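Q: Before I ask anything, let me first share the structure, which is written out below as structure tokens.
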Amino acid sequence: MHIATESDIRAGRTADVYFPRTATVLRHFGIDKRVTMEVRTTTLPGGWEWAVLAGVGEVAELLAGVGCSVECMPEGTIFFPGEPVLTISGPYLGFGVYETALLGLLCQASGIATKAARIRLAAGGRTVVSFGARRMHPALAPMIERSAYLGGCDGVATILAAEQIGIPPSGTMPHALVLVVGDSVQAFRMFDQATPAEVPRICLVDTLQDEKFEALAAAEALGDRLFGVRLDTPGSRRGDMRALLREVRWELDLRGFGHVLLMVSGGLDEDSIPPLNAYAQAYGVGTAISNAPTINFAADIVEVEGRPFAKRGKESGHKNVLRCQACDRREIVPSATSPACSCGGTGEMLLQPLLIDGQRVVPEASAADIRQRVLRQISTLGLTR
């Protein structure tokens, strides 16, 4: 397969070629200065006002043993344009060749986590499952699904990603089962009989007939065992999805199947979800999450041998982000600034030591804990999409 191995990445073979060429020049002249490099973005895609930091654990693994020190916002932290999210200090020849890789680790994962968080807000308290791994290279599936989970998705579809996160994989049934069996009701019954008891019975009800009639057929065939029905109606037949959901809900409730939840999938995004919230209890979201726009992080030297020094258009000096725990004001400050707010409240520096001289100094949080950090910030910071 056309993928880089972990050893390729560690060997610097995925770097832009001008980084190893720079290292060759510096070594030729015996130059290896200690620098501080800052990672931040000045803008976010799509007019986003905030984003979720993800990919930190992989950056820590990449730089472990390199001999540099890293300060970083904890993974799952909400950040804003202009704020440094990570700084690296150490001899440039020790870590410079990894700039391409570390940016890639942060940019894509943070974009996916942010999109998942925005969809989480759009769906409110309803279940959201990541269905988008099939839209990307399979080698990336665990990263994509983990980032989606960190951002707020309740479940992921692929087996390996779920195992790594520590949750059961989430899924319903495919159109293929109905088509291979040749009959919707028979397929529903076979699915019920052969699937382990712990798997929720969610039947796909748009394969051969009108969604209303297939939903009723599934409910009558499985009764109380039916957990939900999924509507994945193609765009060419969809029309008004909200009206379709209202019709299915009415018919199920009328016949005593009020316990059956409605799940929607297929081409959903943060703007198409809110109109469906009156009737849907769950969403499967694919391409909008897995193909989320990346965060355009840049890495720039801001200090050389302890002296503030940066290129044009960049503010020099080692920085941190001060957040007041009382008034929630945020400010970019020199790293040596005292953590106190002008309101009199106690401040905290958001960038905390991650690696010191190449050794990790804080354990990696679990995916579940990082996800809770994101959800807590979404609720307490009053964020909107």
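The values are calculated or read from the model by the stated rules, or taken from the named source; none is laboratory data. These figures come from a predicted structure and were not determined experimentally. In this analysis, Cβ positions are derived from the backbone assuming ideal geometry, glycine residues included, and neighbour counts consider all displayed protein chains.
Q: May I ask you to list the residues in the stretch 279-308 that are in contact (Cβ under 8 Å) with a residue 12 or more places away in the chain, out of contact with any helix residue (DSSP H, G or I) (no Cβ under 7 Å at 6 or more places or on another chain) and of a type outside the set (S, T, N, Q)?
A: A282, G284, A298, D300, I301, V302, E303, V304, E305, G306
The rows are residues; the columns are (1) in contact with an Asp or Glu (Cβ under 9 Å, 6 or more places away or on another chain); (2) among the hydrophobic types (A, V, I, L, M, F, W, C).
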residue: H2; (1), (2): no, no
residue: R21; (1), (2): no, no
residue: T24; (1), (2): no, no
residue: R27; (1), (2): no, no
residue: D32; (1), (2): no, no
residue: M37; (1), (2): yes, yes
residue: R40; (1), (2): yes, no
residue: T43; (1), (2): no, no
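Q: All but one of (1) out of contact with any strand residue (DSSP E or B) (no Cβ under 6 Å at 6 or more places or on another chain); (2) crowded, with 22+ Cβ neighbours inside 10 Å; (3) over 26 Å from R10 (Cβ atoms) hold for I112; state the number of the condition that does not hold.
A: Going through the list (1) out of contact with any strand residue (DSSP E or B) (no Cβ under 6 Å at 6 or more places or on another chain); (2) crowded, with 22+ Cβ neighbours inside 10 Å; (3) over 26 Å from R10 (Cβ atoms), I112 breaks only (3).
Q: Given the residues V156, V128, which is the only one that is within 12 Å of the chain's Cα centre (by Cα) and closer than 25 Å to R385 by Cβ?
A: Exactly one of V156, V128 is within 12 Å of the chain's Cα centre (by Cα) and closer than 25 Å to R385 by Cβ, namely V156.
Q: Another question about this same structure. Name the single residue, out of those in the stretch 179-219 being β-branched (V, I, T) and surrounded by 14 or more Cβ atoms within 10 Å (Cβ to Cβ), that is farthest from P234 (Cα to Cα).
A: Looking at residues that are β-branched (V, I, T) and surrounded by 14 or more Cβ atoms within 10 Å (Cβ to Cβ), I get V199.
Q: Regarding G96, is this residue of a type outside the set (A, V, I, L, M), outside the structural domain of A139 (by TED's automatic domain parsing) and surrounded by fewer than 18 Cβ atoms within 10 Å (Cβ to Cβ)?
A: no
Q: Just wondering, is there one or more residues in the stretch 187-199 that are touching a Lys or Arg at 6+ places or on another chain (Cβ under 9 Å) and either under 30 Å from W48 (Cβ atoms) or outside any helix (DSSP H, G or I) (or both)?
A: Checked the stretch 187-199: at least one residue is touching a Lys or Arg at 6+ places or on another chain (Cβ under 9 Å) and either under 30 Å from W48 (Cβ atoms) or outside any helix (DSSP H, G or I) (or both).
Q: Considering only the stretch 171-181, I want to know if a residue exists there that is among the β-branched types (V, I, T), touching a residue at least 40 places away in the same chain (Cβ under 8 Å) and outside any helix (DSSP H, G or I).
A: yes
Q: If I ask for residues that are over 20 Å from R371 (Cβ atoms) and in contact with a Pro (Cβ under 8 Å, 6 or more places away or on another chain), which ones from the stretch 95-121 would you list?
A: Scanning the stretch 95-121 gives a single hit, V97.
Q: I need the full set of residues from the stretch 138-151 which are surrounded by fewer than 24 Cβ atoms within 10 Å (Cβ to Cβ) and either of a type in the set (F, W, Y) or farther than 16 Å from P293 by Cα (or both), in order please.
A: Those that are surrounded by fewer than 24 Cβ atoms within 10 Å (Cβ to Cβ) and either of a type in the set (F, W, Y) or farther than 16 Å from P293 by Cα (or both): P138, A139, A141, P142.
Q: Are any residues in the stretch 234-265 buried (at least 20 other Cβ atoms within 10 Å of the Cβ) and in a loop (DSSP other than H, G, I, E, B), and if so, which ones?
A: Scanning the stretch 234-265 gives F257, V260.
Q: Let me ask another. I want to confirm something. Restricting to the stretch 5-32 and keeping residues that are within 16 Å of E61 (Cα to Cα) and of a type in the set (G, A, S), which single residue is surrounded by the fewest Cβ atoms within 10 Å (Cβ to Cβ)?
A: It comes out as S7.
Q: On to the next question. Please note which strands (runs of 3 or more DSSP E) are completely contained in the stretch 273-385 and include at least 2 residues that are assigned by TED's automatic domain parsing to the domain that holds A133, among the hydrophobic types (A, V, I, L, M, F, W, C) and touching a Gly at 6+ places or on another chain (Cβ under 9 Å).
A: 282-285
Q: Looking at the structure I just gave you, is L150 assigned to a helix (DSSP H, G or I), in the same structural domain as T22 (by TED's automatic domain parsing) and within 16 Å of the chain's Cα centre (by Cα)?
A: Judged against the criteria, L150 is not a match.
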